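Note sheet for the following structure.
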Amino acid sequence: MPKTSLLPLLASGEFCSGQVLADALGVSRTAVWKQLNALADYGLEIESVKGRGYRIPGGIDLLDADLVRSALSPQAAGLLSGLLLLDTVDSTNAEAMRQVEAGAGAGLACSAEQQSAGRGRRGRTWVSPFARNIYLSLAWQYHQGAAALEGLSLAVGVAVARALAASQLPPVQLKWPNDIVFKGAKLGGILLEMTGDAAGTCQVIVGVGLNVAMPVAAAGAIDQAWTDIDSMLEPGGRRPGRNVLLASLLNELLPLLAGFEQQGFGPWRDEWQALDAFAGEPVVLHTGARDLAGIARGVDERGALQLETAAAGIQSIYGGEISLRRAP
Ligand code: BTN
């Protein structure tokens, strides 16, 4: 019995007796008890009260393919070729890549409750606790090489911002090249990975991580200012369910991916600039080799940062292993 089979029975947050759990799963109470203990591996708190049974305080919002599919737009439903929802995986990007290498086509979406080796940009780990956040990877195939995909990761940021707005959340901002920020703290990140022929047919995996209800204990491993959707809510505001959020992301991302090779970044540029967290501000660009200070002047039609420096005027900076910070 996989240890996650107990979770749907406890998801509501109500108490459930050991006997009810055992009967529902057709196993002994001892087996139930062992599985409950094993759930601690996921960082889940299981409360046990004599005479009442077990519960997960506050309940748990599990991923559910039917709920995701029922919230898809007709256009996104038509573009989605497969929806893989996993309990735990090393990285949804890595899994989507494996699926593509095994023959999965454009439009495969892969998400998981937990990533054991979530990947961030610049070799960082993406902190991915169980059933709290969103980890989504989408595969798409392109035919005109990597050059036709310039600016795609920035357009993905705009699509994520739209998805959050469609879920009635307050407006977020974007930090070049790939961060989604709220009030200056990181809410989410985007990681594009590519395989195939960089000059011809290639497969792109678009990975999106969004902090929804990040447990403070897990967040200790994050090495920058972070936030989550819970912290964005007005007092008494209701957090949208993760399945609805996942569907909103797919509703925006799938049409973007389907049209990008034809349209390029151009149609997304104005919206990106309107969401630019650093527009007109003094910034420092960290490239690993050196730091470059200047004023952030938005992006060009290819998605390159326009950095104005005293020495060289406007310089175009392309993505890669670069990060941008507000100047101290
Ligand atoms: C960043 O460093 O800002 C990018 C973070 C990207 C995280 C997402 S979570 C889903 C997908 N799977 C991964 O392993 N990484 C991306």
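The residues in segment 75-130 that are farther than 18 Å from Gly188 by Cα and part of a loop (DSSP other than H, G, I, E, B) can be counted, and the count is 9. Elements of the type helices (runs of 4 or more DSSP H) sitting completely within segment 189-293 and holding at least 3 residues that are within 23 Å of Asp61 (Cβ to Cβ): these cover 216-219, 229-232, 242-263.
Just wondering, is there one or more residues in segment 217-231 that are within 12 Å of the ligand (Cβ to nearest atom) and aliphatic (A, V, I, L, M)?
Yes: one or more hits.
Residue by residue, here is whether (1) at pLDDT 90 or above; (2) in contact with a Cys (Cβ under 6 Å, 6 or more places away or on another chain); (3) buried (at least 18 other Cβ atoms within 10 Å of the Cβ) holds:
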site	(1), (2), (3)
Cys16	yes, no, yes
Leu21	yes, no, yes
Ala38	no, no, no
Leu63	yes, no, yes
Arg69	yes, no, no
Gly82	yes, no, no
Arg98	yes, no, no
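Restricted to segment 20-46, and to residues there that are touching a residue at least 12 places away in the same chain (Cβ under 8 Å) and not hydrophobic (A, V, I, L, M, F, W, C), the residue that is nearest to Gly220 (Cα to Cα) is Gly43.
When Arg98, Arg122 are screened for being within 9 Å of the ligand (Cβ to nearest atom), under 19 Å from Glu193 (Cα atoms) and over 14 Å from the mean Cα position of the chain (by Cα), only Arg122 passes.
Screening the candidates Ser137, Ser153, Ser111 for the property of being closer than 16 Å to Gly303 by Cβ, hydroxyl-bearing (Ser, Thr, Tyr), crowded, with 17+ Cβ neighbours inside 10 Å and not assigned by TED's automatic domain parsing to the domain that holds Gly43 yields one hit, Ser153.
The values are calculated or read from the model by the stated rules, or taken from the named source; none is laboratory data. Keep in mind that what you see is a predicted model, and the values were worked out from it rather than measured. When we count neighbours, we look across all protein chains shown, and the Cβ atoms used for this are built from the backbone with ideal geometry, even at glycine.
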